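Read through the structure below, which is laid out as structure tokens, and then see the notes.
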Amino acid sequence: MVENEDEAGAPACLITRPEPGAAATAARVAALGWRPVLAPALVLTPLPMPPAPAAQAALVASAAAIPSLAAACPPGLPLLAVGEGTAEAARATGFATVFAAGGDAESLVALATARLAPGDGPLLLAAGRGYGDDLAASLTARGFALIRREAYAAAEAAELPAPARAALVAGSVRAALFLSPRSARAAVSLLRSAGLSGAATAIRAIALSGRVARALDDLPWGGLDVAARPDQDTLLGLLGPAPPLAPHARPEG
């Protein structure tokens, strides 16, 4: 990771995604020539899950649910993931039969409807504490019985990491990635608490979806772009290669 190095000519990109996933995103950002700066807005903690009862498949809307789910699932249980990144995480953990949706809850419901039948048994829905209600309602409306399990808890980060704060104060952050509405709101709160909301004027905010973008409305971003598809490939395509780092005035809070 290069987040502590001030590489000449490399503008910084703020990575607000929490682990698991932040380091992988940062590596892809670095490959585009940016200097990735980790600033996770949320802290995710796995929750122990009891052994899962019989189900025809598991549904996962976040890679954060994979570690706890893998410990509780019987071998060979098919898994439907919200997107390809979550699907890759599931395969790496040992799930063999994995299908990826298009990157959002709506596409995950569509995938479940296309591949599964309500009469074949319940679905195991693993989500974060306080997450998944809309997804569960959509599946129930289509006739599926659900077994819901909390796989992780999410809490807002207490403060910006020191490297992120230093990059923002120096005015070297030119882009920021936001992958969920809650993490976007938490990131805005962190910037305000640090007295660095003025830094937004020099930053191009890049949101995974319209819902994420709406959570960023409260700050005067230098630009606000929304991915046409809610997946990381599209998000990083929108970020694009890093431009040369031009001098910029230090932000005011």
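Values for this structure:
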{"read-out": "Of the criteria (1) within 28 Å of A228 (Cα to Cα); (2) more than 22 Å from the chain's Cα centre (by Cα); (3) among the β-branched types (V, I, T), which one V173 fails", "value": "(2)"}
{"read-out": "Test: residue in segment 155-168 that is free of Cβ contacts under 8 Å to residues at least 60 places away in the same chain and either polar (S, T, N, Q) or touching a strand residue (DSSP E or B) at 6+ places or on another chain (Cβ under 7 Å) (or both)", "value": "no"}
{"read-out": "Close pairs (6 angstrom Cβ cut-off, 6 or more residues apart or separate chains): closer than 10 Å to L208 by Cβ in segment 219-239, assigned to a helix (DSSP H, G or I) and of a type in the set (A, V, I, L, M, F, W, C) anywhere", "value": "V226/A213; A227/L235; A227/L238"}
{"read-out": "Condition check for V43: more than 23 Å from A127 (Cα to Cα), at pLDDT 95 or above and outside any loop (DSSP other than H, G, I, E, B)", "value": "no"}
{"read-out": "Subset of segment 21-57 that is within 22 Å of A145 (Cβ to Cβ) and out of contact with any Cys (no Cβ under 6 Å at 6 or more places or on another chain) - its residue that is least open to solvent (accessible area, probe 1.4 Å)", "value": "A57"}
{"read-out": "Of residues in segment 231-253 being in contact with a helix residue (DSSP H, G or I) (Cβ under 8 Å, 6 or more places away or on another chain), in a loop (DSSP other than H, G, I, E, B) and buried (at least 18 other Cβ atoms within 10 Å of the Cβ), the one modelled with the highest pLDDT", "value": "D231"}
{"read-out": "Boolean, A24 is over 15 Å from A175 (Cβ atoms) and not in a helix (DSSP H, G or I)", "value": "no"}
{"read-out": "Those residues of segment 105-154 which are part of a helix (DSSP H, G or I), in contact (Cβ under 8 Å) with a residue 24 or more places away in the chain and in contact with a strand residue (DSSP E or B) (Cβ under 8 Å, 6 or more places away or on another chain), in sequence order", "value": "L108, L111, A112, R115, L135, L139"}
{"read-out": "Matching option when the condition is surrounded by 18 or more Cβ atoms within 10 Å (Cβ to Cβ) and closer than 26 Å to G85 by Cβ, among L196, L146, L168, L190", "value": "L190"}
{"read-out": "Filter pass, F99 being at negative phi and open to solvent by 50 Å² or more (accessible area, probe 1.4 Å)", "value": "yes"}
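The values are calculated or read from the model by the stated rules, or taken from the named source; none is laboratory data. What you see is a predicted model; the values in this text were computed from it and never measured. Note that we place each Cβ from the backbone using ideal geometry, even for glycine, and neighbour counts take in every protein chain shown. All accessible areas refer to the heavy atoms of the entire protein, side chains included, with ligands and DNA or RNA removed. Shrake-Rupley method; radii C 1.70, N 1.55, O 1.52, S 1.80 Å.
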